[in-house]
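*Asks:* Structure incoming, see below.
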Amino acid sequence: MNSAAYGRDINQEQWLTQLMEDHGTGVLRLCYAYLKDAGLAEDAAQDTFLKAYRARGRGVTAESEKAWLARIAVNTCKDVLRSAWFRHRVRNLPLEEAMITASQHMDIDELGLVEDVMGLKPAFRVVILLHYYQNYTAEEIAGILNVSVSTVYYRLKRAQEKLRAQLTKEAQHASR
């Protein structure tokens, strides 16, 4: 998005449309990674853009909008996970449904890795997804998650260790 979008050159609806075109897929992926449910992720992504719409003009520049949206998305997902409705909701198939859909476009090794990443605890999963799939730096992730940079590095390291152990275990199991 060009910086004119932050001026008075376009109206809010045009700004929101452009924001959704530029970042909609990334926000949806982040929400799905956090919530592991396609329907909840779509709702959280919509809420993210609604919150962004309401907060327009609060010091966000074109250079920082991606990180700003990611922070809104993460906080929105955390709100969903904290809600009483979510705690009492029966969740039993979203990851499997997503894997079936994804399997049409991925080979078996990619599917296994995605499944392993999605099996991580949320704190580890989100740093892996933000770093490797959304290309954020550790400093940007720290700002998005409101944690220290050292915490981001720690979580990345622990997540990598867990993934490496899981891949090794799978490889050993496959060779039998």
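*Asks:* Tally the residues that are among the small types (Gly, Ala, Ser) and surrounded by 15 or more Cβ atoms within 10 Å (Cβ to Cβ), restricting the search to the stretch 131-171.
*Replies:* Adding up the residues that qualify gives 4.
Per-residue answers, yes or no, for (1) assigned to a helix (DSSP H, G or I); (2) over 14 Å from Val74 (Cβ atoms); (3) at pLDDT 85 or above:
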position: Leu130; (1), (2), (3): yes, no, no
position: Tyr154; (1), (2), (3): yes, yes, yes
position: Lys169; (1), (2), (3): yes, yes, no
position: Arg176; (1), (2), (3): no, yes, no
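Each row is one residue, and each column tells you yes or no for (1) loosely packed, with under 13 Cβ neighbours inside 10 Å; (2) at pLDDT 85 or above; (3) assigned to a helix (DSSP H, G or I).
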position	(1), (2), (3)
Asp9	yes, no, no
Leu16	no, no, yes
Leu19	no, yes, yes
His23	no, yes, yes
Glu42	no, yes, yes
Ala62	no, no, no
Ala67	no, yes, yes
Ala70	no, yes, yes
Ala73	no, yes, yes
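*Asks:* Going through Glu97, Glu110 one at a time, which residue ends up being in the same structural domain as Arg164 (by TED's automatic domain parsing), assigned to a helix (DSSP H, G or I) and at pLDDT below 70?
*Replies:* Being in the same structural domain as Arg164 (by TED's automatic domain parsing), assigned to a helix (DSSP H, G or I) and at pLDDT below 70 holds for just one of Glu97, Glu110, which is Glu110.
The values are calculated or read from the model by the stated rules, or taken from the named source; none is laboratory data. All values reported here derive from a predicted model rather than from experimental measurement. Don't worry about glycine lacking a Cβ; one is built from the backbone with ideal geometry, like all the others, and counts go over all protein chains shown.
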